[in-house]
Amino acid sequence: MNALIEDYALISDLETAAMVGRNGSIDWLCLPRFDSPACLAALLGAPDNGFWRLAPVAAPGTCTRRAYRPDTLVLDTWWQTPTGAVRVTDLMPPRAGLPCVVRVVEGLSGSVTVRSELRLRFHQGRVLPWSRVADDRTVAVAGPDAVWLGAEGPVRVLERGPSTVYEATVPAGGRVALTLVWAPSHRPEPPPLLDIPAETLVKETADYWLDWVGRCRYQGPWRDAVVRSLITLKALTYEPTGGIVAAPTTSLPGCVGGERNWDHRFCWLRDSTLALSCLLRSGYLNEATAWLDWLVRAIAGDPADLQAVYGVGGQRLLPETEADWLPGYGRSRPVRFGNLAVDQFQLDVYGEVLDTLYLSLRAGIPMPAHIWDLVQAMMGFLQRHWREPDRGLWQVRGPRRQFVHSKVMVWVAADRALRMGELLGRNGSSAEWRAMRQEVHRQVCQEGWDAGQRSFVQSYGSPALDASALLIPRLGFLPARDPRVRGTVGAMRGLDDGGFLRRYAPGGDGVHGVDGMPGREGAFVACTLWYADVLAVTGNAEQARETFERVLGVRNDVGLLAEQWDPDGGRQLGNAPQAFSHIALAETAFALSAARGAARDCGGPAGA
């Protein structure tokens with residue numbers, strides 16, 4: 001049986017990541033990049049699909065407690081056993097050539113025997129490597145990949161082969177360290193990283209994160225939660241290019257046992273504006289600039305070929321395949337690698353890109369010389385195609401529709417293009433773009449508004465609600481005081497599920513509903529936070545705070561959020577940790593802090 005999704009903590013070297021369970025097992029690791037094939041894949045299957053467990057022999061199934069060291073991505077796990085106590089420290093040093101996982105055991109009291117069992121399975125958990133010993137280290141090789149395992153301190157080798165098993169007895173004050181390093185298999189020599197003392201790697205990694213967090217601007221009442229979300233966002237950044245992956249995992253289900261299993265190890269344009277805004281507000285101009293640079297490179301080319309999702313290097317081809325040898329998390333199949341969303345037509349991405357460019361221009365981020373040509377090309381494409389149906393923000397696999405959010409984002413595209421033209425002194429197409437902006441606004445307010453429900457709906461002619469309508473005031477389409485915004489906020493009670501919001505109602509049109517998929521899914525964390533944002537700007541500060549703190553309450557023990565929350569089962573669902581959720585958390589904290597300040601400035605209640 002798979003552990004709960006919330007049982008996992010994240011460690012990352014800013015190019016890939018590992019998921020560490022409360023039982024001391026790393027059950028997910030892709031090497032050398034986020035989007036590389038997994039060599040530890042028990043998260044989506046069984047132990048024989050690859051894991052690395054390090055825990056006391058006599059300990060119960062899970063640790064006593066665990067926590068990240070303050071303001072870092074260094075994970076400490078404490079184990080209390082009948083013979084004593086130990087602390088295990090897990091980390092990945094920010095990439096210095098090759099990916100590396102460091103695990104350190106320190107004796108706290110008594111004497112504790114710990115066991116390390118490493119079972120590598122390359123190519124998504126199915127290829128058994130060839131193992132050998134070289135310079136007292138174990139090296140496992142399969143095709144292009146080699147993984148080296150070195151040890152510091154007195155360890156006993158119990159097994160080498162399909163599994164590598166070490167044991168060590170650690171007294172109080174004693175210490176044992178294990179270091180795993182990936183290298184291309186054609187390099188015969190052990191990686192130099194194996195010769196660096198683990199204590200040095202721990203200190204350098206902690207110092208890196210402390211220095212990075214020291215630049216954070218947020219000083220509000222939820223600082224710990226915001227900092228943890230920002231660290232998570234940084235950990236999901238592919239440092240060489242600046243691309244931010246949606247999550248480090250694939251196929252963690254929105255419904256356990258169902259088919260809603262997607263690969264999120266890629267970069268979504270829908271995250272672009274929200275991520276950039278979050279980074280800029282938090283004081284991370286360099287990261288915002290790197291994200292913008294990735295975006296501009298990724299979208300270069302014909303505007304007709306603009307994709308919703310790209311690889312961490314900006315690659316366009318992400319073919320979706322199914323891994324029939326993996327039983328899936330909780331028997332949730334198929335297990336997918338790659339994502340068909342690359343082939344979908346989504347109008348909203350044009351608005352997201354142009355909003356990102358506009359925010360960047362206002363923030364003073366240097367823009368490429370050809371940026372205005374890019375703006376004109378995208379607007380020319382939209383002028384010809386904005387009336388067409390698309391797959392929408394949620395990348396539905398059902399029929400194309402006239403999604404309201406997509407049309408709102410077309411309005412955003414025209415609005416931001418006009419604003420950029422004013423800033424750059426480029427107004428040649430202003431009249432055409434202004435007319436388009438006006439026409440889109442009129443159409444959305446007429447076709448996307450349901451007078452009976454007093455709410456904007458999901459698509460033209462449909463009564464279905466969609467939480468994306470909560471973004472209307474944030475995007476500037478209508479002011480928060482507009483009665484249509486307030487009506488939409490009230491109507492969202494129809495998506496409420498135990499105090500959390502679903503992104504849209506299940507069922508609806510056809511057997512599988514709007515998204516073309518069977519079954520239900522959990523409530524969407526980001527949508528619930530958008531609800532808190534709108535409550536705050538419409539004068540419902542107390543309800544906004546309650547909604548926000550309800551989300552804070554479902555983070556796991558180390559402050560991480562998946563994509564969804566199941567109010568009935570009381571558990572996290574979907575890929576984890578999810579960048580969309582953590583971006584929304586930080587943005588909501590900023591919004592609520594601003595609302596508190598505004599209320600005090602006006603002499604009104606702070607709502608807290």
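The values are calculated or read from the model by the stated rules, or taken from the named source; none is laboratory data. Because the structure is predicted, anything quoted here is derived from the model rather than measured. A quick note on method: Cβ atoms are made from the backbone with ideal geometry, for glycine too, and the neighbour counts reach across all protein chains shown.
Worth pointing out:
- Test for residue 180: is it modelled with pLDDT of 95 or more, within 25 Å of residue 77 (Cβ to Cβ) and either of a type in the set (A, V, I, L, M, F, W, C) or out of contact with any helix residue (DSSP H, G or I) (no Cβ under 9 Å at 6 or more places or on another chain) (or both): yes
- Filtered by the rule that a residue be without any contact (Cβ under 8 Å) to a residue 40 or more places away in the chain, part of a helix (DSSP H, G or I) and either out of contact with any strand residue (DSSP E or B) (no Cβ under 8 Å at 6 or more places or on another chain) or over 23 Å from residue 274 (Cα atoms) (or both), the range 331-381 gives 343, 373.
- Restricted to the range 13-35, and to residues there that are of a type in the set (S, T, N, Q) and touching a Phe, Trp or Tyr at 6+ places or on another chain (Cβ under 9 Å), the residue that is surrounded by the fewest Cβ atoms within 10 Å (Cβ to Cβ) is 25.
- Within the option set 36, 111, being hydroxyl-bearing (Ser, Thr, Tyr) and under 23 Å from residue 246 (Cα atoms) holds for one residue only, 36.
- Hits in the range 280-314 - residues which are within 19 Å of the chain's Cα centre (by Cα) and among the acidic types (Asp, Glu): 287
- Here residue 478 fits the description: modelled with pLDDT of 95 or more and within 22 Å of residue 412 (Cα to Cα).
- Residue match in the range 496-508 (condition: under 30 Å from residue 368 (Cβ atoms) and loosely packed, with under 14 Cβ neighbours inside 10 Å): no
- The range 401-449, subset part of a loop (DSSP other than H, G, I, E, B) and at pLDDT 95 or above, residue nearest to the chain's Cα centre (by Cα): 402
Yes/no matrix, rows are residues, columns are (1) closer than 21 Å to residue 374 by Cα; (2) surrounded by fewer than 22 Cβ atoms within 10 Å (Cβ to Cβ); (3) among the small types (Gly, Ala, Ser); (4) in the same structural domain as residue 363 (by TED's automatic domain parsing):
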| site | (1), (2), (3), (4) |
| --- | --- |
| 412 | yes, no, no, yes |
| 416 | yes, no, no, yes |
| 461 | no, yes, yes, yes |
| 468 | no, no, yes, yes |
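- Residue 494 vs. criteria out of contact with any Asp or Glu (no Cβ under 7 Å at 6 or more places or on another chain) and over 29 Å from residue 230 (Cβ atoms): yes
- Picking from residues in the range 78-93 that are in a loop (DSSP other than H, G, I, E, B) and crowded, with 20+ Cβ neighbours inside 10 Å, the one that is farthest from the chain's Cα centre (by Cα) is 93.
- Looking only at the range 205-219, and only at residues there that are surrounded by 15 or more Cβ atoms within 10 Å (Cβ to Cβ) and more than 11 Å from residue 72 (Cα to Cα), the one that is modelled with the highest pLDDT: 216
- Single residue of 108, 75 found to be over 24 Å from residue 559 (Cα atoms), crowded, with 16+ Cβ neighbours inside 10 Å and at pLDDT 95 or above: 108
- Considering residues of the range 111-150 that are in contact with a Ser or Thr (Cβ under 7 Å, 6 or more places away or on another chain) and among the polar types (S, T, N, Q) only, the residue surrounded by the most Cβ atoms within 10 Å (Cβ to Cβ): 138
- Tabulated pairs, the range 483-502, first under 10 Å from residue 531 (Cα atoms) and assigned by TED's automatic domain parsing to the domain that holds residue 581, second in a strand (DSSP E or B) and of a type in the set (A, V, I, L, M, F, W, C), C-beta under 7 angstrom, 6+ apart or interchain: 492/501; 500/523; 500/565; 501/523; 501/524
- Complete set of residues in the range 128-145 that are in a strand (DSSP E or B) and among the hydrophobic types (A, V, I, L, M, F, W, C): 130, 133, 134, 139, 140, 141, 142
- Residue in the range 209-227 that is closer than 23 Å to residue 393 by Cα and not in a helix (DSSP H, G or I) present: no
- Residues of the range 53-65 that are more than 16 Å from residue 18 (Cα to Cα) and assigned to a strand (DSSP E or B): 55, 56, 65.
- Residues that are among the basic types (Lys, Arg), part of a helix (DSSP H, G or I) and surrounded by fewer than 24 Cβ atoms within 10 Å (Cβ to Cβ) do occur in the range 382-390.
- Unique residue being closer than 26 Å to residue 345 by Cα, under 14 Å from the mean Cα position of the chain (by Cα) and part of a helix (DSSP H, G or I) when the list is 272, 277: 272
- The listed residues are 205, 241, and the only one of them that is touching a Gly at 6+ places or on another chain (Cβ under 6 Å) and more than 30 Å from residue 595 (Cα to Cα) turns out to be 241.
- Counting residues in the range 495-506 that are outside any helix (DSSP H, G or I) and of a type in the set (Ser, Thr, Tyr) gives one or more.
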